[in-house]
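Q: The structure is given below, and queries will be raised subsequently.
Computed from the coordinates by the stated procedures, all read-outs in this text should not be read as laboratory data. Since we're looking at a predicted model, the values are computed, not measured. Using ideal geometry, Cβ is built from the backbone for each residue, glycine included, and neighbour counts are taken over all protein chains shown.
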Amino acid sequence: MTYSFALIGYPITHSMSPWIHEQFLRRAQLDGSYRLEEITPEQNFSERISELRANELDGFNVTVPYKEKIIEFVDELDEQAKKIGAVNTVVAENGKWIGYNTDEIGYVRALESDYPEIKRKKNTPILLLGAGGAAKGIYNGLKRAGYTNVTIANRTTERAKQIITANDFVITLAEAERELAQFSIIIQTTSVGMRPHDTDTIISLKNIMKEAIVSDIVYQPLKTKFLQEAEKRGAAIHFGHTMLLYQAQYAFELWTNKQPPMEHLADQLRQELEG
Ligand code: ATR
C-alpha cells in the first residue's frame, strides 16, 4: 500500500512536517508521500476541505490557524481533541474522518525520551510557565501521564486558574522566580524568546536548583536564551524541536499502526533546522 498524507494550515511553506514524515516512512519501510496543502485566508475553507475529501488521503495534519475550524468537518472526535477543543491530526478510516490531538502526548513523550528517569518520579515538582493553548495541552498531557505535582505560573494568573485541576497551584511569574529552587522540572510554554526576540527570557533562572531539567518549547532559535541560562547554571536542558518529532510520531502511528524508530532523528532535525 502507498500512503498519502498532507498538512493543512497557513502559512506552511517552511513546515518541517514533510521532512519528518518522510523520515518516518523510510524508517518504517513504508511507501508513501506527505504534501503541503496550504489554505490561504482568501480561499473558501469548506471547498478546499471537500477537495481533500475527494483526494482520498489516509490522514492529514492540521496546523495554525485551522486546528479549531476543522472540528466541524470531522465525523468523530477523540476524547483528547474534544477536551482541548483543537485537532492537529485527522485519520481517514473507511471514508470517515476522525480528529485527534497528538500535541499533549507528543510533548510528554519527547521529555520522557530525553529523561526516562522522570517516569519513576511522578510526584516530582513541575513548574509550567505560561497559560496559553500550548500550556493547556502540556498540562493535560502531564496529568494524563500521571504527574501529580504541577504548578502553573503566568503573567495573568486568572488564565492559569482556568487550566489547573484539583491539587495543583497557580503562582505569579515573580513568585516562580523567587521559589524556583522548589521545582525539579521547569517548562517554558510561551513564545517569549522566539526569534526575533532572542534575548528575552520569561523569568530569571538565578534561583534554579542545579539538578533541574529546563525545557523550552520555542525552537527558533534552538538554544533559546532561557536554555542558555539554564545550562550556564548547571541544569539539564530539553529542546523544543523534539516536541515536533514526537507529536508527529504519534500521528504517524495513528495513520499506519507502526511506530517509527527515533534514533538520532532529533539531531538530524536539528541540523535541518540550523540549515
Ligand atoms: P499559545 O497558544 O502559543 O500558547 P497564547 O494562547 O496566546 O499562545 O498564550 C500565550 C502565553 O504566553 C500566555 O501564557 C501569555 O501570558 P498571558 O496569559 O498573561 O497573556 C504568555 N506571554 C506572552 N507574552 C508574554 C510576555 N512578554 N511575558 C510573559 N508572558 C507572556
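Q: Which of the trypsin sites (Lys or Arg not before Pro) found in segment 71-141 are in a DSSP loop and have at most 15 neighbouring Cβ atoms, other than their own, within 10 Å? Working shown, then result.
A: Working: sites: 82, 83, 96, 109, 119, 120, 121, 122, 136; in loops: 121, 122.
Answer in residue order: 121, 122.
Q: Here is a follow-up. From the square roots a ≥ b ≥ c of the eigenvalues of the alpha-carbon gyration tensor of segment 101-141, which class results: rounded (a/c under 1.5), prolate (a/b over b/c), or oblate? Could the numbers behind the result be given before it?
A: Values: a/c = 2.45, a/b = 1.39, b/c = 1.77.
Oblate, since a/c reaches 1.5 and b/c is not below a/b.
Q: Just want the answer: with Cβ charges of +1 for Lys and Arg and -1 for Asp and Glu, which residue in 77, 244, 187 is farthest toward the dipole's positive end in the chain?
A: Projecting each Cα onto the dipole axis, the largest value belongs to 187.
Q: Quick one: what are the phi-derived ³J(HN,Hα) couplings along segment 233-243, Karplus 6.51/-1.76/1.60 with θ = phi - 60°, whole Hz, x for glycine and proline?
A: With the stated coefficients, segment 233-243 comes to 8, x, 7, 8, 10, 9, 7, x, 5, 5, 5 Hz.
Q: Helix 133-144: angle to the longest alpha-carbon principal axis of the chain, degrees 0 to 90, nearest 10?
A: Tilt relative to the chain: about 80 degrees.
Q: Once both axes come from the Cα atoms, what is the angle between helix 45-54 and the longest principal axis of the chain, in degrees from 0 to 90, rounded to 10?
A: Rounded to the nearest ten degrees, it is 60.
Q: Determine the relative contact order of the chain: mean sequence separation of Cα pairs under 8 Å and six or more apart, normalised by residue count, in whole percent.
A: On the way: 511 pairs, mean separation 43.0, N = 275.
Relative contact order, the chain: 16 percent.
Q: Here is a further query. Nearest 5 percent is fine: what portion of the DSSP beta bridges confined to the chain is antiparallel?
A: Values: 8 of 40 bridges.
Of all bridge pairs located within the chain, approximately 20 percent are antiparallel.
Q: Count charges around residue 226 for me, please; just the other residues with Cβ under 14 Å from its Cβ, Lys/Arg as +1, Asp/Glu as -1. Please report the intermediate quantities before stating the final value.
A: Values: positive: 195, 206, 223, 225, 232, 233; negative: 177, 198, 200, 216, 229, 231.
Taking every Cβ under 14 Å from that of residue 226, the sum is 0.
Q: Output the pairs from 82/232; 67/232; 69/225; 121/225; 83/119; 96/161 with a Cα-Cα distance over 31 Å in this structure; if there are none, say none. Working shown, then result.
A: On the way: 82/232 41 Å; 67/232 37 Å; 69/225 34 Å; 121/225 28 Å; 83/119 24 Å; 96/161 37 Å.
Pairs exceeding 31 Å: 82/232; 67/232; 69/225; 96/161.
Q: Given Cβ point charges of +1 (Lys, Arg) and -1 (Asp, Glu) and nothing else, what value in debye, to the nearest 20, does the dipole of the chain about its Cα centre take?
A: Values: 31 positive and 37 negative charges, 193 e Å.
Here the chain has a charge dipole of around 920 debye.
Q: From the residues 176, 129, 261, which one has its Cα farthest along the dipole of the chain in the positive direction, the dipole being from +1 and -1 charges on Cβ of Lys/Arg and Asp/Glu about the Cα centre?
A: Among 176, 129, 261, the one farthest towards the positive end of the dipole of the chain is 176.
Q: Report, to the nearest 10°, how far helix 17-27 tilts away from the longest principal axis of the Cα atoms in the chain, using its own Cα long axis and a range of 0 to 90°.
A: 80 degrees
Q: Still on this model: Treating only the Cβ of Lys, Arg, Asp and Glu as charged (+1, +1, -1, -1), what charge dipole size does segment 105-239 show about its Cα centre? Round to the nearest 20 debye.
A: Numbers: 19 positive and 14 negative charges, 54 e Å.
So the magnitude is around 260 debye.
Q: Within segment 1-100, list the GluC sites (Glu not before Pro) lying in a DSSP loop whose Cβ has at most 16 other Cβ atoms in a 10 Å radius. Don't skip to the answer; put the middle values down first.
A: On the way: sites: 22, 37, 38, 42, 47, 51, 56, 68, 72, 76, 79, 93; in loops: 42, 56, 68.
Here the sparse-neighbourhood loop sites are 42, 56, 68.
Q: A further question follows. Taking 0.36 nm per residue of sequence separation and subtracting the Cα-Cα distance, how much length would be gained by fully extending the chain between residue 267 and residue 233, in nm to one decimal? Kindly include the intermediate steps, with their values, before the conclusion.
A: Numbers: separation 34, 0.36 × 34 = 12.24 nm, distance 2.35 nm.
This chain segment gains 9.9 nm when fully extended.
Q: Helix-derived [θ] at 222 nm for the chain: sum -39500 (n - 2.57) over DSSP H runs of at least 4, divide by residue count, nearest 500?
A: Working: 10 runs with 96 residues, N = 275.
One gets -10000 deg cm²/dmol as the mean residue ellipticity at 222 nm.
Q: Could you tell me the distance between the Cα centroids of segment 63-85 and segment 176-247, to the nearest Å?
A: Taking the Cα centre of each part, segment 63-85 and segment 176-247 sit 29 Å apart.
Q: List the relative contact order of segment 1-143 as a percent without decimals, with contacts defined as Cα pairs under 8 Å and 6+ residues apart.
A: Worked out over segment 1-143, it gives 20 percent.
Q: Compute the Rg to Rh ratio over segment 105-239 from the alpha carbon atoms, using the Kirkwood formula for Rh, and round to two decimal places.
A: Working: Rg = 13.4 Å, Rh = 14.6 Å.
Reported Rg/Rh, Kirkwood definition of Rh: 0.92.
Q: Please quote Rg/Rh for the chain to two decimal places, taking the Kirkwood radius as Rh and restricting both calculations to Cα atoms. Provide the component values of the computation, followed by the final result.
A: Numbers: Rg = 18.9 Å, Rh = 19.5 Å.
Result: Rg/Rh = 0.97.
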